[in-house]
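One structure is given below, represented as structure tokens, and several questions about it will come after.
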Amino acid sequence: MAVDNPHPPSAYLKRIYVDSLVHDARALLLVLELFGAERVALGSDYPFPLGETPPGALIDSMSFTPEVRDRLRSGTALEWLGRDASSYDL
């Protein structure tokens with residue numbers, strides 16, 4: 001058993017990036033609660049036919065603020081890539 005961990009296991013989730021392709025609104029809300037919008041990026045499963053059509057349909061169907069929606073659709077990925085989101089017309 002890991003008893004000498006300086007942080008609880010849940011703290012390490014804030015270091016992991018995940019995608020939004022979960023096919024269920026409740027699951028996406030749980031992912032956002034666990035990881036935070038700053039660690040969730042748009043997922044598509046391309047080129048496999050398992051994804052959403054169009055990509056981001058679940059995100060768009062939910063009542064997120066524009067800031068969270070933009071973060072999920074592009075902001076997290078741009079940040080991960082080291083790109084400045086403010087230079088893009090999101």
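Using the basic label-point model (7 angstrom from Cα toward the beta carbon), what is the Asp60 to Glu38 distance in nanometres?
2.8 nm
Give a quick list of chymotrypsin sites (Phe, Trp or Tyr not before Pro) in region 17-90 that DSSP marks as loop, anything other than H, G, I, E or B, with at most 15 other Cβ atoms within 10 Å. Working shown, then result.
Numbers: sites: Tyr17, Phe35, Phe64, Trp80, Tyr88; in loops: Tyr17, Phe64, Tyr88.
Answer by residue number: Tyr17, Tyr88.
Rounded to the nearest 500, what is the 222 nm mean residue ellipticity of the chain from helices alone, with -39500 (n - 2.57) per DSSP H run of 4+ residues and division by all residues?
Numbers: 4 runs with 26 residues, N = 90.
About -7000 deg cm²/dmol.
If you don't mind, another one. Between beta-carbons, use under 14 Å as the cut-off and find the net charge around Leu42, counting Lys and Arg +1, Asp and Glu -1.
Charge balance near Leu42 sits at -3.
How many angstrom lie between the C-alpha centres of region 46-60 and region 10-45?
First find each Cα centre; the distance between them is then 15 Å.
Work through the residues other than Gly56 whose Cβ is under 13 Å from its Cβ and net out their charges, Lys, Arg +1 and Asp, Glu -1.
Working: positive: Arg69, Arg71, Arg73; negative: Asp19, Asp45, Glu52, Asp60, Asp70.
Value of the local net charge: -2.
Which residue fluctuates most in the GNM of the chain (Cα springs below 10 Å): Ala77, Ala41, Ala11?
With Cα springs under 10 Å in the chain, the top fluctuation among Ala77, Ala41, Ala11 is at Ala11.
Now for a different question. Take every Cα-Cα pair in region 10-90 and report what % of them are more than 18 Å apart.
Values: 1282 of 3240 pairs.
The calculated P(r) of region 10-90 puts 40 percent of pairs beyond 18 Å.
Below 8 Å, C-alpha to C-alpha, sequence gap of six or more: please give me the relative contact order for the chain in percent.
On the way: 88 pairs, mean separation 22.2, N = 90.
Contact order relative to length: 25 percent.
Please determine, in degrees from 0 to 90 and to the nearest 10, the orientation of helix 25-35 with respect to the longest principal axis defined by the Cα atoms of the chain, where the helix direction is its Cα long axis.
So the inclination is approximately 50 degrees.
No value in this document is a laboratory result; all are computed from the given coordinates. Here the structure is a predicted model, which means the values were calculated and not measured. All Cβ positions, even for glycine, are placed from backbone atoms using ideal geometry, and neighbour counts span all protein chains on display.
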